[in-house]
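Take a look at the structure below.
The values are calculated or read from the model by the stated rules, or taken from the named source; none is laboratory data. From a predicted model like this one, the values you see are computed outputs, not experimental measurements. Glycine gets a Cβ as well: all are built from the backbone with ideal geometry, and neighbour counts include every protein chain shown.
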């Protein structure tokens, strides 16, 4: 069972919980930020990861970033030496008129890149820059703060593409986190034909 404890305590935050790659999509998430609770629940549910998470802290920025750090470290630890995993995953999630594709590589070389191939890129850029998640104050920038911290500490390369942004920020972020969960489910699955590390280097940091 690829499972780890989530634990991070600093002068600014107190984060604890449990994460399992080989789960059933069971979640219990309490971050103090309802939009983030919702997005992490979608990520785990659709990725078939089990996630228990409780977080407290002083500033929203610290809570969001440190959850990403803690979850990323737990994800990497749960993978172990990565023997036999598919390593790569790709999935497009549709939410009403929104389509977001997530492409991941568990490479040990973390990077985050956003692409927009919607024909009305200006409109999508405006939504990302000016809207908040259901008027809660939660922004696209805060979602990316979590993602940046998560991938840096999990050792993942993530490229996501907003193919159709004909919707609000809620729909875009929901589609993104669903797609990310599904793509990482693919990438973490064991291929019985693969007898070692899925890299010609023989190691993934």
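Worth pointing out:
- Only residues that are under 10 Å from residue 70 (Cβ atoms) and under 18 Å from the mean Cα position of the chain (by Cα) were counted across the range 9-28, and they come to 4.
- Test result for residue 184, assigned to a strand (DSSP E or B) and in contact with a strand residue (DSSP E or B) (Cβ under 8 Å, 6 or more places away or on another chain): no
- Complete set of residues in the range 11-39 that are within 18 Å of residue 189 (Cβ to Cβ) and crowded, with 16+ Cβ neighbours inside 10 Å: 19, 20, 21, 23, 25
- Matching residues in the range 5-16 - criterion: being in contact with a helix residue (DSSP H, G or I) (Cβ under 8 Å, 6 or more places away or on another chain) and assigned to a strand (DSSP E or B): 5, 6, 7, 8, 13, 15
- Subset tally (residues that are surrounded by 20 or more Cβ atoms within 10 Å (Cβ to Cβ) and touching a helix residue (DSSP H, G or I) at 6+ places or on another chain (Cβ under 6 Å)) for the range 41-59: 7
- The set of residues in the range 89-109 being surrounded by fewer than 20 Cβ atoms within 10 Å (Cβ to Cβ) and farther than 23 Å from residue 164 by Cα consists of 107, 108, 109.
- Those residues of the range 161-173 which are buried (at least 22 other Cβ atoms within 10 Å of the Cβ), within 30 Å of residue 204 (Cα to Cα) and in contact with a strand residue (DSSP E or B) (Cβ under 6 Å, 6 or more places away or on another chain), in sequence order: 162
The rows are residues; the columns are (1) over 28 Å from residue 118 (Cα atoms); (2) in contact with a helix residue (DSSP H, G or I) (Cβ under 8 Å, 6 or more places away or on another chain); (3) free of Cβ contacts under 8 Å to residues at least 12 places away in the same chain; (4) part of a helix (DSSP H, G or I).
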position: 39; (1), (2), (3), (4): no, yes, no, yes
position: 61; (1), (2), (3), (4): yes, yes, no, yes
position: 65; (1), (2), (3), (4): yes, yes, no, yes
position: 89; (1), (2), (3), (4): no, yes, no, no
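- Lone unmet requirement of (1) touching a helix residue (DSSP H, G or I) at 6+ places or on another chain (Cβ under 6 Å); (2) over 20 Å from residue 3 (Cα atoms); (3) surrounded by 21 or more Cβ atoms within 10 Å (Cβ to Cβ) for residue 72: (2)
- Residues that are at pLDDT 95 or above, farther than 23 Å from residue 175 by Cα and over 14 Å from the mean Cα position of the chain (by Cα) within the range 58-79 comprise 62, 77, 78, 79, listed in sequence order.
- Positions within the range 174-203 being modelled with pLDDT under 95 and either surrounded by 18 or more Cβ atoms within 10 Å (Cβ to Cβ) or at positive phi (or both), in sequence order: 202
- Restricting 112, 173 to residues that are within 21 Å of residue 70 (Cβ to Cβ) and part of a strand (DSSP E or B) narrows the list to 112.
- On inspection, residue 115 qualifies as within 17 Å of residue 174 (Cα to Cα) and surrounded by fewer than 17 Cβ atoms within 10 Å (Cβ to Cβ).
- Considering the range 122-132, the residues that are in contact (Cβ under 8 Å) with a residue 40 or more places away in the chain and more than 12 Å from residue 173 (Cβ to Cβ) include one that is surrounded by the most Cβ atoms within 10 Å (Cβ to Cβ), namely 124.
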